[in-house]
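Enquirer: Shown below is the structure under consideration.
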Amino acid sequence: MPLYSRESKPHGAASDLALRYRDRVRQFEDEIDPLGRGLIATRVYRDQPGLPLVVKRAEIIAQCFEKIEPVILDEERIVGFGYRRFRVHEGVSDADAWRNQVMHPERRGWREDWPIPAAAREELRWWREQAPRPAAVNPARARHGWLGKYGIAHPYGGTNGHTLPDHGILLDAGIAELRHRIAARMATASAADERDELRAMGRCLEGLARHCEICARSAREKATATDEPVLRSRLETTAANCEAIATARPATFAQALQLLYFSHCADQLDTVGDATSFGRVDQILAPFYDADLAAGRLTPDDAFDLICHFLIKAWGAQTSANMTVGGVTPDGRDATNDLSYLFIEALGATAAVCDMSVRLHAGTPEAFRRATAAVVRLGLGRPSLYNDDITIEAIARTGIAIEDARDYAPLGCVEVMIPGRTAGRTMCMGLNAPKVLELVVNAGRCLVTGDTVWTDVPDSFDSFEALRAEYRRRVRSIIAAGVEIIREDERLEPLQFPRPWLTLLSRGGIEQARDLTAGQPKYDPVGVTLDGVADIANSLYALRRLVFEEQSVSLSELRGILQQDWEGREDLRQAVIHRFPRYGQDDAAINALAREEAEFFADCFAPHKTAYGGPFWPMIFGVATSMIAGSQPKTGATPSGRRRGESLSMSLQPSPAGPQGCVTALMRSIASIDFRRFPGGVSNVQELDPSLFDGEAGLDRLGGLIRAFFNMGGMELSLNFLSEERLREAQADPERFRYMMVRLFGLSAQFVNLSPAVQHSVFERVRAAAQRR
């Protein structure tokens, strides 16, 4: 139903005022001091100990809205809190780590080295004396502490920082109507916990309504102070919009965008991580846009400018605020609309590198595919591309109604959930498969510490299949232990951090008056991750060839070689790396091992249920920064030729060591896995040589590559277009390249702000990609 023709000129350029606003946001001129939220949380917990916990959580949100003054810049069209893109992953903007900690002391505890004023430091010291958080004393985690100690797995079962509320609930009803519904439900609530939950949701809305009024006043004051007529008019409109949505449902597209951002702010105030997500923005906002266009209140050009401002605001505030466009409707029709184009074009026009995801399917219009490919080619590492035809089937296979499966959205990095119908528990296992194989090959002994982790691993095996069976037996036992931890985390979470705002924006939240963390959502999947596929496939293949087929070394001899970190056997190591096929070269034997072990991981969760009776959703996803700082140094030498401390392959990436297959071979290797077994999502970040995709022919080539990969059964694709020369220039002149973004995993980050170790990993990936033609 496009209301303007896509044959018209695309909106390729952002306005001068939008770019001026972007440049000010890049300097953090709209930043809100994170200490304000931290002090409010401290005072609520300290001074109101008798409040029900869920009401305490709501009180923090409400008081932040009521007491923290917004910073409004002259050029802004969408206003609200702008917290700096703080560090949540080691090695990424490390200097900002304290901001996240200070903002959420009830979750992060106390640090003496926070760079904050003395009076605030004294007040926040109160947290030193508080009891340990319930999750910290999860008995299952204590019982299975060896999983993390040796870098085997990192199970976790909380909603944590990855959220996907249904913001449409707020936009469709408005603040006042939701407060009315809560009051009506309160009249029938008999249980104390129901009344507490309703009281908490109502308090959040009360604070938000007051914040709308505060922003209206501030915008009006800003309008009065500016000398530029255009800015004055815009600020007066913004003030009127904020005033209107305090008491009524949004009546215009601009008001809907503004309320969407305010809703996002509420989620940020209650979420310690960096992945509070927007969901399907083109679908949520379409009714407001269509009505404005039909009434003559809005033009596509003005909508484009508003979206540019919205993206800049969202970029400045967080690192992984995922927003989704495209796909299909719940009844299966193509969902592409005007806003799908406007959002993707605004991403390219502003270079405000938000987490944007584009859903593609067999019926996606060719014009939208090409518009998407054009932005992908810009080298922003965004958007991520999702194959509806695979993802929807993967979700529906787990018992999700087909209309809900069709309404999925990525959240955070690349994880998949359903807005307002799932709790957002994801990335909850982190299995380091090469470490498990290391322990099996070495008779249960850790190569890094020398500790014996398992005492009953056989010293030798009669066949490769016997060794593989032992590896799989250990994976099953690790997953069973991880499930214990996850289920107990789920049980403990509502006792520690209930989530009233997420509950409000969960379908049935008001009606059920039960917290989202306590099993309220319609579905309760938990996403569980397998890290790198390439290392386990390459290592199993090398073991089979060296020990059991060629018999060039015995298992005992190979064990000794690995214990010596390949020292003295460089000839053999080079033979493994360069003579044997590797994952990513489209070798049938390697592809089979990758497929079988990935799908075996998925099979392991079939017997298990979450704490609230839901399925586990397998994923393939490794967090590069966590691997570099955590599992990588804890993993010894591998049969694939990797030395201790060298890079582990991440997610679906090939190992950076050794020959690389061409781009087509790589995509075929990846697509050999049946991704319908991975409803929780996969991370498939690949580096491509930008010279292969220059000009119109290059854009055609890129579009063809995306289509071919998805036709082969690929699920997700994210691309970096980087060269080693450009990265070297950035290292030499960081100020000039201050805003050059690279896609690490789900996270995009400024290259110059990465730690040396993370920069090194990017160089490795780019050098490997340069070999692919």
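The values are calculated or read from the model by the stated rules, or taken from the named source; none is laboratory data. Bear in mind that the values here come from a model prediction, so they are computed numbers and not experimental data. Every residue, glycine as well, gets a Cβ built from its backbone with ideal geometry; the counts of neighbours run over all protein chains shown.
Enquirer: Go through the residues of the range 590-602 one by one and say whether even a single one is farther than 20 Å from Arg668 by Cα and touching a strand residue (DSSP E or B) at 6+ places or on another chain (Cβ under 9 Å).
Expert: yes
Enquirer: Taking the options Gly622, Gly704, Gly681, name whichever one is surrounded by fewer than 19 Cβ atoms within 10 Å (Cβ to Cβ) and either within 24 Å of the chain's Cα centre (by Cα) or modelled with pLDDT of 85 or more (or both).
Expert: Working: Gly622 fails: surrounded by fewer than 19 Cβ atoms within 10 Å (Cβ to Cβ); Gly681 fails: surrounded by fewer than 19 Cβ atoms within 10 Å (Cβ to Cβ).
Unique residue meeting the criteria: Gly704.
Enquirer: Run Gly568 past the list (1) within 21 Å of Val533 (Cβ to Cβ); (2) free of Cβ contacts under 8 Å to residues at least 60 places away in the same chain and report the number of the one that doesn't hold.
Expert: The number of the failed condition is (1).
Enquirer: Report those helices (runs of 4 or more DSSP H) wholly inside the range 171-285 carrying at least 1 residues which are at pLDDT below 95. Before the answer, list the steps.
Expert: Numbers: elements: 175-186, 192-225, 229-245, 253-269.
Counting at least 1 such residues, we get 253-269.
Enquirer: Select the helices (runs of 4 or more DSSP H) contained entirely in the range 462-516, then report the ones holding at least 2 residues which are among the acidic types (Asp, Glu), surrounded by fewer than 24 Cβ atoms within 10 Å (Cβ to Cβ) and modelled with pLDDT of 95 or more.
Expert: Numbers: elements: 464-496, 500-504, 509-512.
Where helices (runs of 4 or more DSSP H) fall fully within the range 462-516 and carry at least 2 residues being among the acidic types (Asp, Glu), surrounded by fewer than 24 Cβ atoms within 10 Å (Cβ to Cβ) and modelled with pLDDT of 95 or more, they are 464-496.
Enquirer: Go over the candidates Arg582, Arg545 one by one and state the one that is of a type outside the set (Ser, Thr, Tyr) and assigned to a loop (DSSP other than H, G, I, E, B).
Expert: Every option except Arg582 fails the conditions.
Enquirer: To continue, here is another question. Out of everything in the range 323-368 that is in contact with an Asp or Glu (Cβ under 7 Å, 6 or more places away or on another chain) and in a helix (DSSP H, G or I), what residue ends up being farthest from Pro383 (Cα to Cα)?
Expert: Here the answer is Leu339.
Enquirer: Go through (1) closer than 19 Å to Glu764 by Cα; (2) in contact with a Gly (Cβ under 9 Å, 6 or more places away or on another chain) for Ala671 and report which single condition fails.
Expert: (1)
Enquirer: While we're here: On the basis of being on the phi > 0 side of the Ramachandran plot, crowded, with 17+ Cβ neighbours inside 10 Å and either out of contact with any helix residue (DSSP H, G or I) (no Cβ under 7 Å at 6 or more places or on another chain) or not charged (D, E, K, R) (or both), does Gly614 make the cut? Quick ask: steps written out before the conclusion?
Expert: Values: on the phi > 0 side of the Ramachandran plot: no; crowded, with 17+ Cβ neighbours inside 10 Å: yes; either out of contact with any helix residue (DSSP H, G or I) (no Cβ under 7 Å at 6 or more places or on another chain) or not charged (D, E, K, R) (or both): yes.
So Gly614 does not fit the description; no.
Enquirer: Conditions: (1) in contact (Cβ under 8 Å) with a residue 12 or more places away in the chain; (2) under 18 Å from Ile152 (Cβ atoms). Gly509 meets all but one. Number of the miss?
Expert: (2)
Enquirer: Return the only residue of Asp586, Asp565 being within 26 Å of Leu652 (Cβ to Cβ), under 39 Å from the mean Cα position of the chain (by Cα) and surrounded by fewer than 20 Cβ atoms within 10 Å (Cβ to Cβ).
Expert: Details: Asp565 fails: within 26 Å of Leu652 (Cβ to Cβ).
Unique residue meeting the criteria: Asp586.
Enquirer: While we're here: Show the residue pairs that are 6+ apart or on different chains and have beta-carbon atoms under 7 Å apart, the first residue being within the range 15-44 and at positive phi, the second being among the charged types (D, E, K, R) and buried (at least 16 other Cβ atoms within 10 Å of the Cβ).
Expert: Within 7 Å, the pairs are Phe28/Arg84.
Enquirer: Also, I was wondering about something else. Look at the range 182-194 and say how many of its residues are without any contact (Cβ under 8 Å) to a residue 12 or more places away in the chain and not hydrophobic (A, V, I, L, M, F, W, C).
Expert: Within the range 182-194, residues that are without any contact (Cβ under 8 Å) to a residue 12 or more places away in the chain and not hydrophobic (A, V, I, L, M, F, W, C) number 2.
Enquirer: Pick out the one residue from Arg6, Arg57, Arg24, Arg46 that is out of contact with any Cys (no Cβ under 6 Å at 6 or more places or on another chain) and at pLDDT below 90. Lay out the reasoning, then the answer.
Expert: Numbers: Arg57 fails: at pLDDT below 90; Arg24 fails: at pLDDT below 90; Arg46 fails: at pLDDT below 90.
Criteria check complete, one pass: Arg6.
Enquirer: Taking the options Arg210, Arg179, name whichever one is touching a residue at least 40 places away in the same chain (Cβ under 8 Å) and among the charged types (D, E, K, R). Break it down stepwise before answering.
Expert: On the way: Arg179 fails: touching a residue at least 40 places away in the same chain (Cβ under 8 Å).
It is Arg210.
Enquirer: If I filter the range 664-699 down to residues being assigned to a helix (DSSP H, G or I) and of a type in the set (A, V, I, L, M), which single residue comes out as farthest from Gln653 (Cα to Cα)? Steps first, please.
Expert: Within the range 664-699, the subset assigned to a helix (DSSP H, G or I) is 664-671, 675-677, 690-693, 695-699.
Within this subset, residues satisfying the condition of being of a type in the set (A, V, I, L, M) are 665-667, 670-671, 692, 697, 699.
Values: Ala665: 13, Leu666: 9, Met667: 10, Ile670: 8, Ala671: 12, Leu692: 19, Ala697: 26, Leu699: 23 Å.
Going through the qualifying residues, I end up with Ala697.
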